[in-house]
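The values are calculated or read from the model by the stated rules, or taken from the named source; none is laboratory data. From a predicted model like this one, the values you see are computed outputs, not experimental measurements. We place every Cβ from the backbone using ideal geometry, glycine too, and count neighbours over all the protein chains shown.
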Amino acid sequence: LDTIEQFVSAVETALKSCSDQLNPSQPSTIDNTSVTSINKSPLLGVSRIGALVKNLLIKSDRLFQIVVICTEWPTMNLFEKLFSVLHSNFHETWKSQINIQCQKDDETIQVHTNTVEGQMSVSISFTSSSIPQEDSQTSEQLLTKTNCLNALYAMHSVRWFQSHISTRQHASALIRCLRYKTKISSNWQSLSSEIIEILIEHTLSKSVSAVCAFRRVLEYLSGDGPGLRIPWETDSINNIYDKLSDQERNDITHEAQIGLRFMAFEQLNKWLEQYDIPKVMKSFQKRSYPDDQNQVAAKRQCLESDNIEEQ
């Protein structure tokens, strides 16, 4: 975690240093008086998104995500300029350790570094809060609205998670278990972390144990997951499955049905291809903690879940 934090922080620092370089204040002369014009930076800031900021990392995670928030609809010119100056804005200790690539297809900048645990990458995307109100435009000078909206919705997802999920006992551990399954099962590779988070929010309540919530998630997925929309996309009524193909939905349903059968015979460890699952699930069944200990309890369960991958 320390290595990840250092790497992501280095990228954030470099991005913030780019802001002044992209649009420095320029002196101008008006009525024979030298003044400095105030130019608004095209970059408002940067924001972490995804599993890193939600504290949902599992050991196999190697890709982390950052969004650059722009004052206006980001342009291809801004995208290319930022790419060209980014490397020079890294601290000297990082310059020889990173490789920066421009991905024009999905309009992201990828920063890679090698560590003792393998390659790590940070994906930088672009958005602006004004995008939803703007009419769709096809100008080659602007980044596509779809990519900008996806980045904006990812930020909304973080805020929703922090207000609805982060303080719930066992939630983070359950999400990590299910995310781990998406890494080891080809049938579940299309099941995003966001869908899992919505399902946990829907099934996990104060009156429901973590084991029961886990079973309910599998039952929901076994029934093809109808009826739940994406809560942070307030301008749409998209179902959580809308972006999946029929084959992907069938694969998810089939795998969830297999999981339910294993769970019914108390063999969930075989489904997750691990042997510490009974211990973790037993810990989930312990009585609830007082409200003032919920956060500590959740962190303890997350650590127990993390040990799944270290065997």
Restricting to region 66-87, what's the tally of residues that are polar (S, T, N, Q) and free of Cβ contacts under 8 Å to residues at least 24 places away in the same chain? 1
If I go through region 55-95 residue by residue, how many of them are under 22 Å from the mean Cα position of the chain (by Cα), more than 20 Å from Ser130 (Cβ to Cβ) and of a type in the set (Val, Ile, Thr)? 1
Extreme residue, nearest to the chain's Cα centre (by Cα), among residues of region 224-233 that are of a type outside the set (A, V, I, L, M) and surrounded by 12 or more Cβ atoms within 10 Å (Cβ to Cβ): Trp232
Give the number of residues within region 234-245 that are surrounded by fewer than 16 Cβ atoms within 10 Å (Cβ to Cβ) and of a type in the set (A, V, I, L, M, F, W, C). 1
Do we find a residue being aliphatic (A, V, I, L, M), out of contact with any helix residue (DSSP H, G or I) (no Cβ under 7 Å at 6 or more places or on another chain) and at pLDDT below 90 anywhere in region 154-161? no
Which members of region 101-120 meet the condition of being farther than 20 Å from Asp2 by Cβ and either outside the structural domain of Arg62 (by TED's automatic domain parsing) or crowded, with 17+ Cβ neighbours inside 10 Å (or both)? Glu107, Thr108, Ile109
Do any residues in region 1-23 that are in the same structural domain as Pro74 (by TED's automatic domain parsing) and more than 16 Å from Ser121 (Cα to Cα) have Cβ atoms under 8 Å from those of residues that are part of a helix (DSSP H, G or I) and small (Gly, Ala, Ser), where the two are at least six apart or on different chains, and which pairs are they? none
Given Glu197, Glu248, which one is acidic (Asp, Glu) and surrounded by fewer than 21 Cβ atoms within 10 Å (Cβ to Cβ)? Glu248
Could you please find all residues in region 71-100 being of a type in the set (Val, Ile, Thr), over 19 Å from Ser121 (Cα atoms) and either crowded, with 17+ Cβ neighbours inside 10 Å or at pLDDT 95 or above (or both)? Thr75
